[in-house]
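Have a look at the structure below, then the notes.
Values quoted throughout were computed directly from the atomic coordinates according to the rules given, and no laboratory measurement underlies them. As the structure is a computational prediction, the values presented were derived from the model and not from experiment. Reconstructed Cβ throughout: ideal geometry from the backbone, glycine too, with neighbour counts over all protein chains shown.
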Amino acid sequence: MSDAADPHASPLAPGLYIVATPIGNLGDVTYRAVETLRRCAAVACEDTRVTGKLLNYLGIKQRLIRYDDHASEADRARLLALLAEQPVALVSDAGTPLISDPGYRLVRAAREAAIPVTSLPGPSAAVVALTLAGLPSDRFLFAGFLPSKDKARREILEELGTVRATLVFYETGPRLVDSLAALEAVLPGRELAVARELTKLYEECRTGSAAELAAHYRAHPPKGEIVLLVGPPGDRVVDSAEADALLREALASAKPSQAAAQVAKATGLDRKALYARALELRGE
Ligand code: SAM
């Protein structure tokens, strides 16, 4: 599939071309994306109206095929048969296909069928947010959307809270405050960032603790698209006054052992030492 790298080569070889598209600012479409969308035989997409608008903006007329990972085996088999003979682009509504978007099953099936697959890099909200937030970017864990149910959401936060990496979640406006409340309870003391409307007119990236951000977004219900980032445990120096404050906060709703575990997870401080201090604080 080397000719995907050379937009002047013609025609495109048969196969699957994963094409990232803008996440808001249409100026972010890449030159290769435009050329590939123009020169392929068809574009597989989540929503033909959304992709139709993008192609219209780019002045491209294309055959559109609706595809998502819930497509029937028969539909996928038809698309695979086409890919084996002709170049087909896969796009999602916005950003990079497969990243909280359809495509994984198709790529897997294409690879199993020895059909060439290539991927054209471009925008993805997770990476844009990570570059903007000022949180450690050397290690990050992208975990898609948090569950909407509180219990499941807290379980995931418990599980991921021990990972020494910045956590990156996709989020929606109506759920943001609930997720921040869960973070305050499960991972107190973490540094957070809310990146909203990236690449668009009202782009913002707000940082702070879960409590600070929850207070802000309770007062100003967030509109638009959101990425929520959680800094890793123990990446900043926590003094004993701050550790005491976090322990007191946790002790308001948890036993000393649980409070110590929560604060250890959030700060990277020693859990036994925190437990001893939690017992002292409770006795005060
Ligand atoms: N595949 C896309 C990508 O690569 O970013 C993500 C698709 S996912 C279905 C949609 C979610 O991505 C939104 O709910 C939001 O959390 C995030 N998102 C997409 N565009 C965004 C933007 N411009 N600003 C902030 N978050 C965005």
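Just want the answer: with Cβ charges of +1 for Lys and Arg and -1 for Asp and Glu, which residue in Leu132, Leu213, Gln86 is farthest toward the dipole's positive end in the chain?
Of Leu132, Leu213, Gln86, it is Gln86.
With the Cα gyration tensor of region 126-230 in hand, give its eigenvalues times 5 under a square root as the equivalent ellipsoid semi-axes, listed largest first in whole angstrom.
Each semi-axis is the square root of five times an eigenvalue, giving 19, 17, 12 Å.
Sorted by packing (mean other beta-carbon atoms within 10 Å per residue), highest first, where do 180-193, 76-89 land?
180-193, 76-89
Along each principal axis of its Cα atoms, how long is region 15-123 end to end? Whole angstroms, biggest number first, please.
For region 15-123, the Cα extents along the three principal axes come out at 35, 26, 23 Å.
So how compact is region 74-182: Cα radius of gyration and Dmax in angstrom?
When restricted to the Cα atoms of region 74-182, Rg and Dmax are 17.5, 51 Å.
Quick one: helix 173-186 against the long Cα principal axis of the chain, what's the angle to the nearest 10°, folded into 0 to 90?
40
Across the Cα atoms of the chain, what radius of gyration and what greatest pairwise Cα-Cα distance (Dmax) are found, in Å?
Taking only Cα atoms of the chain, I get Rg and Dmax of 22.9, 77 Å.
Give the separation of the Cα centroids, region 74-90 to region 218-284, in Å.
51
Can you tell me the orientation of helix 256-267 relative to the chain, as the angle in degrees between its alpha-carbon axis and the longest Cα principal axis, to the nearest 10?
Its long axis makes an angle of about 50 degrees.
Size of the dipole of the chain about the Cα centre, Lys and Arg at +1 and Asp and Glu at -1 on the beta carbon, nothing else charged, in debye to 20?
Charge dipole, the chain, about its Cα centre: 420 debye, nearest 20.
Tilt of helix 240-251 relative to the longest C-alpha principal axis of the chain, in degrees (0 to 90, nearest 10)?
Helix 240-251 sits roughly 80 degrees off the main axis of the chain.
In what sequence, highest mean first, do 271-281, 120-130 appear when ranked by Cβ atoms within 10 angstrom?
The peptides rank, most packed first, as 120-130, 271-281.
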